[in-house]
Amino acid sequence: MDPQISLVLVTGATGFIGAHVVDELLRRGIKVRATTRSLAKAQQMLRDRPEHASNLQLHVIKDLATPGVFDEEIQGVDGVIHIASPLIQGETDNERKVLIPAIEGTKSVFEAAKKHPSVKRIVLTSSIVATLDPDRLSDGSVTFTSKDWSPITYEEAKEATDFFITYRGAKKFAELAAWDFMQKEAPHFDLVTICPSVCFGPVVHPVSKTSELNFTTSILWDVVAARGTDPLPDFELRAYVDVRDVALAHVEALLRSEAGGQRFIISSPEKFSGQLLADILRKEFSWAREEIPKGDEGAPVPEEAGFEGQTGARVLGIRYRSLQTSVLETAPQLRELHQKEGLASA
Ligand SMILES: NC(=O)c1ccc[n+]([C@@H]2O[C@H](COP(=O)([O-])OP(=O)(O)OC[C@H]3O[C@@H](n4cnc5c(N)ncnc54)[C@H](OP(=O)(O)O)[C@@H]3O)[C@@H](O)[C@H]2O)c1
């Protein structure tokens, strides 16, 4: 039988994935206690969802690194979806600003849940970066699965000058902290971890400028706004998934009893490149033909390892949206945001 879930704590709820998770829960009539550090974002989340006012609570919390940060928020909840985690470009204090908040924030969720018998399950957002070995990433014959773990060390993540290397370590060590807790403490709740690939899709969280977009949406935005850029913007990871499928995966992971104790990669079999994003947009939109460089139109996506997203899709009941759907449904929204931002600053 599925666990009875009526109130869920969602951390990172005002972020790109978090807001979709909140909406997926609310759509099902499940009450949400959502956390953010920002009062302004909390107020905006509520203003954007007036029909859910009675089912949506917003709690302003301190930084994830604060001891006991979730002690109050956890009270009375049946489940937790822990999404909050830092990804900071240009940060030099990797340990204090990225690694410690990611790892200690995760431990705080588990320590808080341990004291509350009402908590039945924790769903933790990890990432494919916690599974991949960068030395094998360019090998198209490799498929990473949920049994794989990144070989990155804590020291490498701490000393890295590339923010994405630090991020890879933060995701790995935060997820490991969760599984270690489960093994050592054998608590009354169980754990599911979700490892999404690069998420694109509509933005439903509070964002007023393109510079505030989350990191992966900014990858798509860079192509949408790639006026005259040569070569086209691109990214080192090519595995894609729609954010709405990721949100669905989190909620199903919370509700389906058979998901308990498992780690799922959530990734469409499709891969992307900056060129493919440009091709999709240029084929559909006249503005894109005028503004986005043609580049090497039709060039295949460079070979890269795959990520086994079918098990997660099967167990959690996900049918992955196509890259084309995701891109075409998001790009106009990003342009509109940019136009509004221009009007606001005029
Ligand atoms: N987007 C992707 O493609 C992708 C793929 C795989 C995994 N993920 C994972 O999914 C999660 C959400 O990513 P996202 O793309 O939705 O990012 P996002 O929009 O930047 O959201 C991240 C959230 O984490 C919270 N947060 C960050 N640092 C914090 C700190 N030090 N203390 C407290 N809260 C903090 C932020 O809350 P505030 O409202 O307080 O700022 C924000 O709401 C992350 O765990 C990320 O690693 C994302």
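If a residue must be in contact with a Ser or Thr (Cβ under 6 Å, 6 or more places away or on another chain) and free of Cβ contacts under 8 Å to residues at least 12 places away in the same chain, how many such residues does the stretch 22-39 contain? The total comes to 0. Within the stretch 68-76, not a single residue is buried (at least 22 other Cβ atoms within 10 Å of the Cβ) and in a helix (DSSP H, G or I). Just one of the listed residues (14, 35) is out of contact with any Asp or Glu (no Cβ under 7 Å at 6 or more places or on another chain) and either surrounded by fewer than 22 Cβ atoms within 10 Å (Cβ to Cβ) or among the hydroxyl-bearing types (Ser, Thr, Tyr) (or both), namely 14.
What do you reckon, is residue 78 within 23 Å of residue 246 (Cα to Cα) and away from the ligand (no atom under 16 Å from the Cβ)? For residue 78, the condition - within 23 Å of residue 246 (Cα to Cα) and away from the ligand (no atom under 16 Å from the Cβ) - is met.
Residue 128 falls short of the stated requirement of being under 20 Å from residue 83 (Cβ atoms), open to solvent by less than 30 Å² (accessible area, probe 1.4 Å) and touching a His at 6+ places or on another chain (Cβ under 8 Å).
Here's a check for you: in the stretch 11-47, which residue that is near the ligand (Cβ under 10 Å from one of its atoms) and part of a strand (DSSP E or B) is farthest from residue 249 (Cα to Cα)? Ranking the candidates gives 36 first. Output yes when any residue across the stretch 201-211 is in contact with a helix residue (DSSP H, G or I) (Cβ under 9 Å, 6 or more places away or on another chain), free of Cβ contacts under 8 Å to residues at least 12 places away in the same chain and not β-branched (Val, Ile, Thr), and no when none is. Among the residues of the stretch 201-211, at least one is in contact with a helix residue (DSSP H, G or I) (Cβ under 9 Å, 6 or more places away or on another chain), free of Cβ contacts under 8 Å to residues at least 12 places away in the same chain and not β-branched (Val, Ile, Thr), which makes the answer yes. Candidates in the stretch 297-346 are the residues that are of a type in the set (Ser, Thr, Tyr) and at pLDDT 95 or above; of these, the one that is surrounded by the fewest Cβ atoms within 10 Å (Cβ to Cβ) is 322.
Taken together, 123, 204 contain a single residue that is farther than 22 Å from residue 89 by Cβ, within 15 Å of the chain's Cα centre (by Cα) and open to solvent by 40 Å² or more (accessible area, probe 1.4 Å), which is 204. The stretch 253-316 holds no helices (runs of 4 or more DSSP H) entirely within its bounds that carry 1 or more residues that are touching a His at 6+ places or on another chain (Cβ under 9 Å), within 16 Å of residue 220 (Cα to Cα) and of a type in the set (A, V, I, L, M, F, W, C).
Within the option set 91, 111, 104, being at pLDDT below 95 and either in a strand (DSSP E or B) or over 18 Å from residue 192 (Cβ atoms) (or both) holds for one residue only, 91.
The values are calculated or read from the model by the stated rules, or taken from the named source; none is laboratory data. Predicted model only: the values in this text are computed from it and were never measured. Using ideal geometry, Cβ is built from the backbone for each residue, glycine included, and neighbour counts are taken over all protein chains shown. We work out accessible area using only protein heavy atoms, side chains counted, and drop any ligands, DNA or RNA first. Shrake-Rupley method; radii C 1.70, N 1.55, O 1.52, S 1.80 Å.
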